[in-house]
Amino acid sequence: MKVKIKSILNVIGHEELYVIPITSSGKYLLGLNFYEDIEGGRVARFVLILDKYGEITSTKVIEGDKGVVLAEGIKEDMEKLSKIIKIEKKMITNRIPLFVNIKVKNSPETQDRGIKGYENYVKRYGEIQVSKLTGQVTLDVIEETI
């Protein structure tokens, strides 16, 4: 996957979510999240996290400010993952959320959609082994300057 990050991120919200780490490039981590689109839903989506200190090495709950960045190769990478784990619905778009100013937590404090979607997935299919997904896709980050 190729991601373009502009020098100034427009923060559009704040969210708490579960992140399953897949790969990293420098200080950026590409993760998988299951998002509750409808009650009981579990849509798979890619998320990008500014993980300055390399804190996310297993499935973790994070909280942070959210912006949106442009990405290429999402459909192909999601297909690769769906051959390894069960993914019913996929969020395929050329934009993915980027989380900055993150806080890693021991457990969720809210029932945000990024928390509920993961819990719905685990109820249905069980925990995901991170080692199965690690390194299955590549990440190329381009930081644009003004």
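The values are calculated or read from the model by the stated rules, or taken from the named source; none is laboratory data. Quick caveat: nothing in here was measured; it's all calculated off a predicted structure. All Cβ positions, even for glycine, are placed from backbone atoms using ideal geometry, and neighbour counts span all protein chains on display. Note: accessible area is taken over every heavy atom of the protein model, side chains too, but ligands, DNA and RNA are not part of it. Shrake-Rupley method; radii C 1.70, N 1.55, O 1.52, S 1.80 Å.
At-a-glance table
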| read-out | value |
| --- | --- |
| Only one of VAL68, VAL61 that is assigned to a strand (DSSP E or B) and in contact with an Asp or Glu (Cβ under 8 Å, 6 or more places away or on another chain) | VAL61 |
| Selected residue (only one of LYS103, LYS123 is open to solvent by 50 Å² or more (accessible area, probe 1.4 Å), over 14 Å from LEU32 (Cβ atoms) and outside any strand (DSSP E or B)) | LYS123 |
| Residue within the stretch 35-46 that is aromatic (Phe, Trp, Tyr) and part of a strand (DSSP E or B) present | yes |
| Test set (1) part of a loop (DSSP other than H, G, I, E, B); (2) open to solvent by 30 Å² or more (accessible area, probe 1.4 Å) - ILE128 fails condition number | (2) |
| Residue identified as among the aromatic types (Phe, Trp, Tyr) and either over 23 Å from LYS132 (Cα atoms) or out of contact with any Asp or Glu (no Cβ under 8 Å at 6 or more places or on another chain) (or both) among PHE46, PHE34 | PHE34 |
| Selection from the stretch 1-15 of residues that are open to solvent by 80 Å² or more (accessible area, probe 1.4 Å) and of a type in the set (Val, Ile, Thr) | ILE8, ILE12 |
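Table: residues versus (1) under 22 Å from GLY41 (Cβ atoms); (2) part of a strand (DSSP E or B); (3) among the hydrophobic types (A, V, I, L, M, F, W, C).
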position	(1), (2), (3)
ILE56	no, no, yes
ILE92	yes, no, yes
PHE99	yes, yes, yes
ILE115	yes, no, yes
